[in-house]
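Working notes for the structure below.
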Amino acid sequence: PPPPSPLIVGPGDDAAVFAPERGALQVLTTDALVEGIHFDRRFSSLADVGYRAIAVNVSDVAAMGAHPEYVLLSLVLPAGWTIDDLDALLDGALEAASEYRVAVAGGNVSRSPGPLVVDATATGSVRPRKLLRRDGGRPGDALYVTGTIGAAAAGLGWLRANGPTDAQSHAAANLVRRYLRPVARVRMGMLLGRNKAASACMDLSDGLADAVRQVAEASGTGALIDAAALPIDPAARDWFTEHGLDPVRAALTGGDDYELLFAVPRRFRGRLRHVQRAARGLQVTRIGELTAERTIRMMRDGVEVALPEGYSHF
């Protein structure tokens, strides 16, 4: 696609050059997808991998309340790759770039003796007073999450159990789609930042349980989550139950949801209502609150229990 006017030098030179927005902070993030760790070629197409590489980085920018602008794409390709393979990967990446209105400003291609690695860097901009961080929560702030949780984990489970065959039901197809093509909540992140409705925010890459813990620890608080309030995707709940898994634990610890977890002080609840009206029907659910006692707990069936750990890379 043609580059936007602030991109002065795009692909083809030693580096990209862009003119930053006057008075705005620059937000930068990077995330690498490694074959066998973050995706499985048995059921993730190359277009899916390219799409995901962009979406997960855009999600990080959205969690900061920023407007995503540019992406750098670094490809480390194994032996035996063809031009058709490269085209398929880039088709998915450019589809996501178009959907989220970010420009691919450049990147790099290298050979690898090992697995496929797709490393993306995304940049965005945000006004200083509208920046969202993880460490701004305070005791008493309510915790909210967008959308539903658990669908991506159930979708990955379905793929592992059934392989790359087409899902036979609409519910299963939706679970698989939620895993293969994550949705970055860009509009919601920007609305929360612009309206100064949230004191802290984080996206759910490694599961809701991990995000709750990260926000609470960064904010110097504890957290109490209401298990009955968790917006678990109905189809995911059914899949977990059918396969002998605890739906609450599976939805809390399964990654790849890419929803937003955010904290809202009591005095900002009116601002949140305005954000919800502007969010075009996106579901927002209150799931608990930050606490002065620095423990991470969950209320379930009238009993306080420890919140499960989220996904850990190491």
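Here the range 195-295 yields Rg over Rh of 0.98, to two decimals, using C-alpha coordinates and the Kirkwood radius.
Since only Leu46, Tyr144, Gly80 are under comparison, the one whose Cα sits farthest along the positive direction of the charge dipole of the chain, derived from C-beta charges on Lys, Arg, Asp and Glu, is Tyr144.
Might you report the magnitude of the Cβ-based charge dipole of the chain about its Cα centre, with Lys and Arg at +1 and Asp and Glu at -1, to the nearest 20 debye?
That gives a dipole near 1700 debye.
Computed over protein heavy atoms with a 1.4 Å probe, the carbon and sulfur contribution to the accessible area of the range 274-314 reaches 49%. For the options Ala250, Ala88, Ala263, a Gaussian network treatment of the chain with springs between C-alpha atoms closer than 10 Å singles out Ala88 as fluctuating the most. Note on the chain: helix-only mean residue ellipticity at 222 nm, from DSSP H runs of 4+ residues weighted -39500 (n - 2.57) and normalised by residue number, equals -10500 deg cm²/dmol.
Work out the FRET efficiency for Ile83 and Asn174 from their Cβ-Cβ distance, taking R0 = 25 Å, and round it to the nearest 0.05. For Ile83 and Asn174, the calculated efficiency is 0.15. For the range 248-314, GluC sites (Glu not before Pro) meeting the loop criterion (DSSP other than H, G, I, E, B) and having at most 14 other Cβ atoms within 10 Å: Glu293, Glu309. Cα convex hull, the range 1-103: 119 Å³ per residue, rounded to a whole number. What trypsin sites (Lys or Arg not before Pro) in the range 1-105 are in a loop by DSSP, with at most 11 other Cβ atoms within 10 Å of the Cβ? Those satisfying the criteria are Arg22, Arg42. Solvent-accessible surface of the chain, averaged per residue with a 1.4 angstrom probe and all protein chains in place: 47 square angstrom. With distances taken between every two different alpha-carbon atoms, the chain has a Kirkwood hydrodynamic radius of 20.2 Å. Is the range 27-74 rounded, prolate or oblate when judged by the Cα gyration tensor, a ≥ b ≥ c being the square roots of its eigenvalues, rounded requiring a/c under 1.5 and prolate requiring a/b larger than b/c? In terms of gyration-tensor shape, prolate. Each 10 Å bin, from zero up to the one with the longest distance, holds this percent of the alpha carbon pairs of the range 68-207: 9, 27, 34, 22, 7, 0. Across the range 129-232, counting alpha-carbon atoms alone, Rg and Dmax equal 16.2, 48 Å.
Couplings for the range 148-161, taken from phi via the Karplus curve 6.51 cos²θ - 1.76 cosθ + 1.60 with θ = phi - 60°, read 10, 10, x, 5, 5, 5, 5, x, 5, x, 5, 5, 5, 7 Hz in order; Gly and Pro are left as x. Taking the Kirkwood radius as Rh and the Cα radius of gyration as Rg, the range 235-274 has a ratio of Rg/Rh equal to 1.22.
The values are calculated or read from the model by the stated rules, or taken from the named source; none is laboratory data. Everything numeric here is computed off the predicted structure, so don't read it as measured data. Positions of Cβ are backbone-derived with ideal geometry, glycine not excepted, and every protein chain shown enters the neighbour counts. When the accessible area is computed, the model is the full protein with side chains, heavy atoms only, and any ligands, DNA or RNA have been set aside. Shrake-Rupley method; radii C 1.70, N 1.55, O 1.52, S 1.80 Å.
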